[in-house]
1. Which residues, taken from the range 2-17, are under 17 Å from Glu31 (Cβ atoms) and of a type in the set (Asp, Glu)?
2. For the range 198-239, how many residues meet the condition of being free of Cβ contacts under 8 Å to residues at least 60 places away in the same chain and in contact with a Lys or Arg (Cβ under 8 Å, 6 or more places away or on another chain)?
3. Is it the case that Arg181 is in contact with a Gly (Cβ under 7 Å, 6 or more places away or on another chain) and either of a type outside the set (Val, Ile, Thr) or part of a helix (DSSP H, G or I) (or both)?
4. Select from the range 184-205 the residues that are assigned to a loop (DSSP other than H, G, I, E, B) and either within 22 Å of Leu236 (Cα to Cα) or at pLDDT below 90 (or both) and list them in ascending order.
5. Just name the residue that is farthest from Tyr6 (Cα to Cα) out of those in the range 239-257 that are open to solvent by 20 Å² or more (accessible area, probe 1.4 Å) and touching a helix residue (DSSP H, G or I) at 6+ places or on another chain (Cβ under 8 Å).
6. Residues in the range 42-53: is at least one at pLDDT 80 or above and away from the ligand (no atom under 15 Å from the Cβ)?
7. Can you go through Leu154, Leu95, Leu145 and tell me which one is open to solvent by less than 50 Å² (accessible area, probe 1.4 Å) and within 22 Å of Ile222 (Cβ to Cβ)?
8. Take the range 76-92 and flag every residue that is in a strand (DSSP E or B), modelled with pLDDT of 90 or more and open to solvent by 40 Å² or more (accessible area, probe 1.4 Å).
Amino acid sequence: MNDLTYIQKKFIDYIEIIMKSNKLSHSYLIELGDSSLDFPFVLLFVKMILCPDSICNINGLNCNKCNICKLIDEGNFPDLEIIEADGMQIKKKQLLSLKEEYQNFSLIGRRRVYIIREADKLNPSSANTILKFLEEPEEGIIAILLTKNRYQVLDTILSRCQILSLVDSTEVSTVDDSIIRFIHYLISGDDLFIHYKEILDSMLPEKTVAKEVFDSIEKIFIQYLSGHENKQFSFLNSCNREHLLSYITIIEEEIPKLMYNINYKLWLDSIFSRFVEVK
Ligand SMILES: [Zn+2]
């Protein structure tokens with residue numbers, strides 16, 4: 001892996017940050033360009049998750065020497081299951097047997113990973129089988145779903161996964177100016193309270209708007225961290241990547257609360273205070 005593309009480097013940066021900051025989520029959807037070229041990067045991530053030596057060797061990416069890493073490369077590691085479509089679909093019975101198998105504790109480590117290739121081939125019935133598993137997995141079980149196009153994956157699956165990308169996408173999504181301005185306030189910290197009135201009046205007047213705005217901000221940060229070039233957001237270069245990850249975590253934790261009958265302004269104060277504490 002010598003000549004890494006820009007997007008591959010960014011991907012590695014990102015997974016290193018995840019591991020170093022201990023922010024491993026329990027389900028990922030990774031968008032791949034060329035499956036055979038990109039799959040080694042998925043395995044790299046898996047090795048970081050499963051190899052006990054990977055963290056201390058993070059500069060060398062992985063130890064690549066220990067038995068665990070060797071077995072992962074050979075496809076023989078018992079705590080890594082890879083599910084592939086059976087014909088045109090991923091069938092319900094494939095997922096049921098995965099679930100059954102992962103019900104038992106691992107004999108080796110504290111984590112187990114399963115990969116579902118071509119996650120776009122999950123039909124609604126097979127998807128249903130793993131939704132709960134994705135949402136409330138047993139401790140230490142990590143799902144990695146792969147696809148060539150996230151937009152072909154069922155929404156119910158997509159919304160439960162953190163999205164990483166190895167696709168060099170040049171698509172420029174244009175984002176509302178007021179969202180950009182809000183992001184500037186957000187990453188500067190104190191500006192959130194200095195410009196509180198403007199934010200409340202014109203940017204986040206009520207909770208349905210707030211939900212949309214924070215959803216797009218989360219997407220923007222994730223796209224940025226996973227290496228999507230977008231000139232519009234080049235100002236994020238000045239931002240500490242771990243801070244961006246913290247913002248994502250805060251958004252993910254706070255947004256669901258909006259569904260309950262909460263006092264919107266108190267909620268806003270509390271999420272802003274959390275943002276300010278990040279720096
Ligand atoms: Zn290893």
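The values are calculated or read from the model by the stated rules, or taken from the named source; none is laboratory data. From a predicted model like this one, the values you see are computed outputs, not experimental measurements. Cβ coordinates were reconstructed from backbone atoms using ideal geometry, including for glycine residues, and neighbour counts include every protein chain displayed. Heads up: the accessible areas ignore ligands, DNA and RNA and are worked out on the full protein's heavy atoms, side chains in. Shrake-Rupley method; radii C 1.70, N 1.55, O 1.52, S 1.80 Å.
1. Residue satisfying the conditions is Asp13 alone.
2. Of the residues in the range 198-239, 1 are free of Cβ contacts under 8 Å to residues at least 60 places away in the same chain and in contact with a Lys or Arg (Cβ under 8 Å, 6 or more places away or on another chain).
3. Numbers: in contact with a Gly (Cβ under 7 Å, 6 or more places away or on another chain): no; either of a type outside the set (Val, Ile, Thr) or part of a helix (DSSP H, G or I) (or both): yes.
For Arg181, the condition - in contact with a Gly (Cβ under 7 Å, 6 or more places away or on another chain) and either of a type outside the set (Val, Ile, Thr) or part of a helix (DSSP H, G or I) (or both) - is not met.
4. Taking the range 184-205 and keeping what is assigned to a loop (DSSP other than H, G, I, E, B), we get 189-190, 195, 204-205.
Residues satisfying the conditions are Gly189, Asp190, His195, Leu204.
5. For the range 239-257, the residue satisfying everything is Lys257.
6. Checked against the condition, which is being at pLDDT 80 or above and away from the ligand (no atom under 15 Å from the Cβ), the range 42-53 yields at least one hit.
7. Just one listed residue meets the conditions, Leu145.
8. Within the range 76-92, the subset in a strand (DSSP E or B) is 80-83, 86, 89-90.
Okay, now just the ones that are also modelled with pLDDT of 90 or more, so 80-83, 89-90.
Across the range 76-92, the qualifying residues are Glu81, Ile82, Gln89.
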